[in-house]
Amino acid sequence: MTLLDSIIRATAAADAGELSFSPTVPIILNSDDIFPTLKPESESLTSLPILPVSGWSISTTDSNIIKLTSKFSKTLKKKLKKSSHDRAEFLKLLNAFLQSIGDNLGLSFNPEVCSHHSFDFSRFAIEKVGFFIGREVAGLIIDVCVVLELWELVETLIVHGLVGHLYAMNLVEKLVEHNQARLLCLCVKHISDLRPSELLVILRFFLPPSDNNAYDSFVGVKKEWERQALLAIEKATNNGVPKKAAILAKEASVLLMLAHDGFSYAELCLHYVFGSSDMDALVLSSVISKLSGREILGLIRYFGKWLKKYERFPEAVPCPQAKSVLSLSACEDIPSLDSVVRALGLILDEHFSYLVLNSEFHDEMRALQKVVSDLASEADARGPVDAIVKHLKYQFLV
């Protein structure tokens, strides 16, 4: 078997959830303590491109954390096999583990949050020492959190980049099962290795949601967009804000107004999918090709709203600095005109014959045709956007 065959087989097994990860070193080693101690075994072999080295050793701190992590991992695996679970017992175990890591790193936690039964301590400690947990153990922690419905801790682990699909098996499916729309939005935003199948599950959950039990979860997403929009307006109208920041706040206010008004609760979740700068076009095309006619219609209506908004408010432009300058993180999750047109083009490429042959789509297409025509007439000096919009216009007219 070639190396490529081995990689392909391992990847297929990982995607199917058939791999069990039990690394000897369950954390990321600190190379700053290791590489300075390495020395060539023989200085006479300087002509070789690769020199054997000696002096490999793991620091005492890393060694202690590895032992703590391995022990904690074994305990969690045993607890996952039980039919019943206790929140207080799990929090005590998790917080003691996080406290031990902090002690080994020489970090002293605030006594006010140092309760081993506290959610606040868990979230605070994960923020401080989460990097040393390791993704395998983070996946086990998430599995227990999902069983116990500790959604606040799941959110903290996702936001701090401790979740990957190789270790958190079927997390997306579990979140859909529990109607956790907000956490699914965070998965799209923070998990870089989402599989196409997982993204397809997420899109189908949003297009359009058929389960009324998910309503409260979508309301949470709506409130977050409202909070960001009100914060932008507050900063834009605050006389104490520096002039440059106030101008940026006004631009962000327009953009957030567009993103909030007129969209359904579920459509607000779609912003995270199509506003992501990391979304691969081939992955997105593959996912869109698997959507049903009803789901495609939902997407076309969603993109139609964006096209009409960008036509009506040409001053709306991306505000990449709003997050760092004004703490308006939602601005990086808003689809640009470029991304909207590209995604709509993918839909037409993948489902053009189906759209043409089904009369229920014709009204939507005719309504968008005028908007696309107007955008094309205004895009003469916009470079790549001009070419994209005109290509889209051609497809509507075919």
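The values are calculated or read from the model by the stated rules, or taken from the named source; none is laboratory data. This one's a predicted model, so the numbers in the text were calculated from it and none came from an experiment. Counting neighbours? That spans all protein chains shown, and the Cβs are built from the backbone with ideal geometry, glycine included.
Restricting attention to region 144-203, the residues that are of a type in the set (A, V, I, L, M) and closer than 20 Å to Arg123 by Cα add up to 19. Of the residues making up region 140-157, at least one is surrounded by 20 or more Cβ atoms within 10 Å (Cβ to Cβ), touching a Lys or Arg at 6+ places or on another chain (Cβ under 8 Å), at pLDDT below 95 and of a type outside the set (A, V, I, L, M). The lone criterion from (1) closer than 30 Å to Val241 by Cβ; (2) of a type in the set (A, V, I, L, M, F, W, C); (3) crowded, with 18+ Cβ neighbours inside 10 Å left unmet by Val273 is number (1). Taking the conditions (1) more than 15 Å from the chain's Cα centre (by Cα); (2) closer than 30 Å to Leu162 by Cβ in turn, Gly262 satisfies each one other than (2). Scanning region 90-105 for residues that are surrounded by fewer than 20 Cβ atoms within 10 Å (Cβ to Cβ), under 28 Å from the mean Cα position of the chain (by Cα) and touching a residue at least 40 places away in the same chain (Cβ under 8 Å) yields a count of 0.
Count of region 192-204 residues, restricted to those that are surrounded by 19 or more Cβ atoms within 10 Å (Cβ to Cβ) and either touching a Ser or Thr at 6+ places or on another chain (Cβ under 8 Å) or over 9 Å from Val172 (Cβ atoms) (or both), is 2. Taken over region 278-287, the criterion of being among the charged types (D, E, K, R) and touching a residue at least 24 places away in the same chain (Cβ under 8 Å) is satisfied by Asp278 alone. Contact map, region 295-318: residues that are closer than 19 Å to Ser264 by Cα paired with residues that are among the charged types (D, E, K, R), Cβ distance under 6 Å, separation 6+ or inter-chain. Pairs shown: Ile300/Glu364; Tyr302/Glu267.
Yes or no, residue by residue, for (1) touching a residue at least 12 places away in the same chain (Cβ under 8 Å); (2) assigned by TED's automatic domain parsing to the domain that holds Val317; (3) part of a helix (DSSP H, G or I):
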| residue | (1), (2), (3) |
| --- | --- |
| Glu234 | no, yes, yes |
| Asn239 | no, yes, no |
| Ala249 | yes, yes, yes |
| Ala259 | yes, yes, yes |
| Phe263 | yes, yes, no |
| Ala266 | yes, yes, yes |
| His271 | yes, yes, yes |
| Ser276 | yes, yes, no |
